[in-house]
Amino acid sequence: MLVKELHRDVTTQDGGSMRIFLFHPTIAGYPKAKFPGVVVFSEIYQVTGPVARFARQIASQGYIVAAPSSYHDFTSPEPLAYDGPGTDKGNEWKITKTIASYDNDATLTVSTLLSLPTCNGRIGATGMCLGGHLAFRCAFDPRVSAAVCYFATDIHSATLGAGKSDDSLKRAGEIKGECVMIFGKSDPHVPTSGRDLIRSTLTSSDVNFSFYEISGAQHAFIRDESSKGRYDAAVTGVCFEMLKEVFNRRLRTELGEAEEQEGDGMGAMVC
């Protein structure tokens with residue numbers, strides 16, 4: 001599927017402006033085709049080349065992708081460089097921006113997708129690193145049916161945002177859609193104890209979730225640029241299949257109301 005790229009500058013709650021990069025699938029001869037929407041949250045460098053390529057991949061599967069510029073509070077929509085100064089700025093702004101501002105960005109981006117006449121009304125969220133955490137929080141929005149969170153940082157330590165005291169795990173029970181958590185077992189930013197805490201909290205909060213820990217994978221293993229030798233194309237491909245499966249099932253299929261099932265959950269089949 002071909003992808004058209006554009007952007008929309010939207011007014012934030014504080015009167016500022018946030019740029020949302022849009023990646024829109026197109027089908028020749030069907031200008032009124034409708035697609036599900038997916039919010040893609042970036043890492044600490046904003047919408048870089050790897051993030052844009054990730055967004056295009058999702059869009060080419062038939063999803064309208066919206067990638068917000070998370071650091072609009074501090075800078076232009078341009079991405080930060082994958083270097084020392086860029087990393088320092090990204091890490092500084094990550095804990096300077098308020099949680100309320102992060103959440104307002106998510107709400108605004110979901111609303112922007114739903115306002116498009118070509119959106120079918122179903123929304124998913126995904127992201128990597130900081131973006132994985134933001135996708136997790138985006139799932140608190142009842143309009144979000146599924147979230148796929150790649151190596152989400154700071155959830156286990158509750159250190160995102162101004163004051164380094166977020167409430168993400170405390171609010172896990174608010175997630176009503178399906179959540180997929182993906183981590184590398186060799187990720188120093190989310191150690192074994194942190195992954196165990198996230199998993200146990202999701203379980204005790206009765207969240208519908210899948211939890212994947214990839215042997216040997218490190219932090220940022222899906223980033224195909226400046227990954228410091230951590231990029232793993234094979235594992236990235238497998239994880240993208242996971243994303244496609246849950247988004248196809250949750251955003252494309254009309255599931256109706258859920259009901260309790262006994263045994264294998266398949267129920268009776270009539271042919």
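Scanning the range 25-56 for residues that are over 17 Å from the mean Cα position of the chain (by Cα) and either among the hydrophobic types (A, V, I, L, M, F, W, C) or closer than 24 Å to residue 80 by Cα (or both) returns 27, 28, 33, 35. Residues of the range 51-96 that are of a type in the set (Val, Ile, Thr) and in contact with a strand residue (DSSP E or B) (Cβ under 7 Å, 6 or more places away or on another chain): 51, 58, 64, 65. With the structure loaded, tell me whether residue 199 is charged (D, E, K, R) and buried (at least 18 other Cβ atoms within 10 Å of the Cβ) or whether it fails that test. So residue 199 does not fit the description; no. Taking the range 154-168 as the range and being buried (at least 18 other Cβ atoms within 10 Å of the Cβ) and either more than 14 Å from residue 94 (Cβ to Cβ) or in contact with a His (Cβ under 9 Å, 6 or more places away or on another chain) (or both) as the test, the residues that pass are 154, 155, 156, 160, 166, 168. Residues of the range 12-58 that are part of a strand (DSSP E or B), within 16 Å of residue 131 (Cα to Cα) and touching a Phe, Trp or Tyr at 6+ places or on another chain (Cβ under 6 Å): 38 alone. Going by the structure shown, is residue 224 part of a loop (DSSP other than H, G, I, E, B) and buried (at least 18 other Cβ atoms within 10 Å of the Cβ)? No; evaluated as a whole, the condition is false for this residue. Scanning the range 73-90 turns up no residue that is within 19 Å of residue 243 (Cβ to Cβ), among the aliphatic types (A, V, I, L, M), surrounded by 15 or more Cβ atoms within 10 Å (Cβ to Cβ) and in contact with a Phe, Trp or Tyr (Cβ under 6 Å, 6 or more places away or on another chain). Scanning the range 169-188 for residues that are surrounded by 17 or more Cβ atoms within 10 Å (Cβ to Cβ) and either more than 18 Å from residue 131 (Cα to Cα) or within 18 Å of the chain's Cα centre (by Cα) (or both) yields 169, 172, 175, 177, 178, 179, 180, 181, 182, 183, 184.
Could you list, in sequence order, the residues of the range 53-77 that are in contact (Cβ under 8 Å) with a residue 40 or more places away in the chain and among the hydrophobic types (A, V, I, L, M, F, W, C)? The answer is 54, 58, 59, 64, 65, 66, 67. Yes or no: residue 251 modelled with pLDDT of 95 or more, surrounded by 10 or more Cβ atoms within 10 Å (Cβ to Cβ), touching a Lys or Arg at 6+ places or on another chain (Cβ under 6 Å) and in a helix (DSSP H, G or I)? Considered against the rule, which asks whether it is modelled with pLDDT of 95 or more, surrounded by 10 or more Cβ atoms within 10 Å (Cβ to Cβ), touching a Lys or Arg at 6+ places or on another chain (Cβ under 6 Å) and in a helix (DSSP H, G or I), residue 251 comes out as yes.
When the range 227-248 is filtered for residues that are part of a loop (DSSP other than H, G, I, E, B) and surrounded by 15 or more Cβ atoms within 10 Å (Cβ to Cβ), the ones remaining, listed by number, are 227, 230, 231, 232.
Within the range 199-211, the set of residues being in contact with a helix residue (DSSP H, G or I) (Cβ under 7 Å, 6 or more places away or on another chain) and assigned to a strand (DSSP E or B) comprises 209, 211.
The values are calculated or read from the model by the stated rules, or taken from the named source; none is laboratory data. No experiment lies behind these values; they were computed from the predicted model shown. As a convention, Cβ positions derive from the backbone with ideal geometry for all residues, glycine included, and neighbour counts pool all protein chains shown.
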